[in-house]
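See structure below.
The values are calculated or read from the model by the stated rules, or taken from the named source; none is laboratory data. The model shown is predicted, which means the values in this text are computed figures rather than measured ones. Note: ideal-geometry Cβ built from the backbone for every residue, glycine included; neighbour counts use all protein chains shown.
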Amino acid sequence: MPPLFAFTPTMLVKPEVIPFFDEATNTITYVVKDPDSDACAVIDSVMDIDYAAGRITHDGADKIVAHIHDNGWSLEWLIETHIHADHLSAAPYIQEKLGGRLGVGEHITVIQNTFGKIFNEGTDFQRDGSQFDQLFAEGDSYTIGTMTVHVMHTPGHTPACMTHVIGDAAFVGDTLFMPDGGTARADFPGGDARTLYRSIQRVLALPDAMRLFMCHDYGPNGRDIRWETTVADEKAHNIHVGNGMDEDAFVKMREARDVTLSMPKLIIPSLQVNMRAGQLPSADKDGKTFLKVPINTL
């Protein structure tokens with residue numbers, strides 16, 4: 001684990017959080033608005049793909065662009081909580097329309113090195129995170145208007161997972177799900193169940209009233225889709241880590257569960273695109289773009 005840093009969340013700051021749910025990937029994108037200025041950020045955007053047809057569109061991203069534009073807000077940041085394996089990022093598309101800086105955790109380089117090999121990328125593919133505008137390290141902070149954002153490195157699901165704490169709200173990526181959904185898988189390359197448990201404990205050490213915003217929800221047992229909970233609710237009710245679940249029991253449960261899970265249906269296009277900061281691979285000499293399918297590798 002990285003060295004821990006101490007900060008006191010500014011719970012009196014209450015950002016406005018506008019969710020956009022993508023039904024095809026069960027992803028929630030957030031527009032996070034500073035209540036004291038026109039500044040905002042977009043967290044974990046989604047680009048639409050018809051994988052069978054090989055067709056990319058931006059209908060969901062256009063709704064976000066329209067919302068920000070119509071309200072006269074200024075987009076300062078596009079944040080990826082981690083390199084997603086279940087949806088493609090629309091960050092470059094939104095950035096082209098509205099500006100802002102694109103940020104991700106500094107351990108993106110680990111992801112790029114790992115999956116650069118898996119997808120047999122050539123030397124033209126840079127593995128230094130230079131596709132992004134900002135690489136965040138443990139303890140970093142940045143601002144959205146008048147709000148200060150604190151960044152926590154919370155690996156385990158992937159090496160590059162970060163939690164972004166903004167006033168009384170924390171955006172946890174895939175580290176946690178809603179209490180009845182449990183926790184993220186930890187069996188992707190670079191993932192680790194024990195590391196994930198320890199990262200979750202850091203999130204659960206935030207104030208009980210801290211709002212937690214999930215990147216995904218699948219409506220367990222047929223309930224309506226939800227994406228917001230609190231630290232207190234997670235500590236009391238999370239089916240994987242709540243009510244004092246200890247580390248060894250969690251690791252045993254998580255590892256046993258992970259071996260039963262199928263690969264996400266969009267993992268192959270998602271990783272190739274997202275490790276490039278949402279850009280497609282370079283076109284060939286005829287202007288055509290292709291994605292690779294590694295055989296018997298994932």
Has the stretch 258-265 got any residue that is at pLDDT 95 or above and over 27 Å from residue 171 (Cβ atoms)?
-> yes
Filtering the stretch 158-186 down to residues that are of a type outside the set (Gly, Ala, Ser), over 13 Å from residue 241 (Cβ atoms) and touching a residue at least 60 places away in the same chain (Cβ under 8 Å) yields 158, 161, 162, 163, 164, 165, 166, 168, 171, 174, 185
One residue from 118, 108 being of a type in the set (A, V, I, L, M, F, W, C), touching a Leu at 6+ places or on another chain (Cβ under 9 Å) and surrounded by fewer than 19 Cβ atoms within 10 Å (Cβ to Cβ) = 118
Picking from 61, 24, the residue that is touching a helix residue (DSSP H, G or I) at 6+ places or on another chain (Cβ under 7 Å), closer than 23 Å to residue 217 by Cβ and outside any strand (DSSP E or B) would be 61
Note down all Cβ pairs under 7 Å where the first residue falls in the stretch 108-130 and is without any contact (Cβ under 8 Å) to a residue 40 or more places away in the chain, the second is surrounded by 13 or more Cβ atoms within 10 Å (Cβ to Cβ) and not polar (S, T, N, Q), and they're at least six residues apart or on different chains.
-> 109/127; 109/129; 113/127; 127/116; 129/106; 129/108; 129/135
Give the residues of the stretch 216-264 that are loosely packed, with under 13 Cβ neighbours inside 10 Å, in contact (Cβ under 8 Å) with a residue 12 or more places away in the chain and of a type in the set (Ser, Thr, Tyr), sorted by residue number.
-> 218
Those residues of the stretch 245-298 that are among the hydrophobic types (A, V, I, L, M, F, W, C) and either touching a Pro at 6+ places or on another chain (Cβ under 6 Å) or more than 20 Å from residue 26 (Cα to Cα) (or both) come to a total of 16
